[in-house]
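Read-outs: derived from the displayed coordinates by stated rules, not from any lab. Predicted model only: the values in this text are computed from it and were never measured. Methodologically, a virtual Cβ is constructed for each residue, glycine included, from the backbone with ideal geometry; neighbour enumeration extends over all protein chains shown.
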Amino acid sequence: MKPYIPREFKVMSVRDCAPLAGLLAEPDQVAAYWRQNIPQADWYDPMKGAFVVLVLNTRKRILGHNLVALGSLDTCPVVPLSVFRPVIVAAGSSVVLIHNHPSGDPTPSDADIKVTRDLIRAGQLLKIDVVDHVIIGRATAARAKDYSSLRELGYFF
């Protein structure tokens, strides 16, 4: 049996971002940030779910973003450790959760609502505010917006 040799552990650093003119206080600003930054990433595939955490400072200005998980067509595994680690490392004080639905329909699923509530509770324990959870889809003739905000829909308590 080989002896255990500890390995160096590195946390992926949060991507440096140019400061935005305004705060990321509104879901349309969050959706615009996604459209400007995430689809250009090397890892992005519109046919897979991608869960990203936007790290904010005390004034709700973005410090950066971090990919939390890549999923499949209808599932994206998310755990609090993966969500809050980059926030703690970057000395952030709040987060915006954001992910895409490859189907194009930004309506939150029951799983989206459950994971949001779990992450809000985890954030409360860490004193990290979860500002919103925005789901990105595609706009259609019947649906003018290409996103949904769980805060606007009343799922935050």
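Based on the Cα coordinates of region 76-157, what is the per residue volume of their convex hull in Å³?
Spread over its residues, the Cα hull of region 76-157 gives 95 Å³ apiece.
Nearest 5 percent is fine: what portion of the DSSP beta bridges confined to the chain is antiparallel?
Numbers: 16 of 23 bridges.
About 70 percent, rounded to the nearest 5.
For Rg and Dmax of the Cα atoms in Å, the choices are [x] 16.0, 63; [y] 14.5, 40; [z] 24.6, 83; which was calculated from the structure?
Matching the structure shown: [x].
Which residue, chosen from VAL68, PRO86, ALA141, occupies the Cα position most advanced towards the positive end of the dipole of region 37-153, where the dipole is computed from +1 (Lys, Arg) and -1 (Asp, Glu) charges on Cβ about the Cα centre?
PRO86
May I ask you to derive the relative contact order of region 34-109, considering only C-alpha pairs under 8 Å and at least 6 residues apart, and to give it as an integer percent?
Answer for region 34-109 is 35 percent.
What full-extension length gain, to one decimal in nm, is calculated for LEU81 and ALA122 as 0.36 nm per residue of separation minus the Cα-Cα distance?
Difference between extended and current length: 13.8 nm.
Describe numerically, in nm with one decimal, the distance between label points set 7 Å from Cα along Cα→Cβ at ALA32 and at GLU152.
Output for this residue pair reads 1.4 nm.
Any idea how far apart TYR44 and ASN57 come out in nm if each label point goes 7 Å out from Cα toward Cβ?
2.5 nm
Restricting to DSSP H runs of at least four residues, report the calculated mean residue ellipticity at 222 nm for the chain, -39500 (n - 2.57) per run over all residues, nearest 500 deg cm²/dmol.
-7500 deg cm²/dmol
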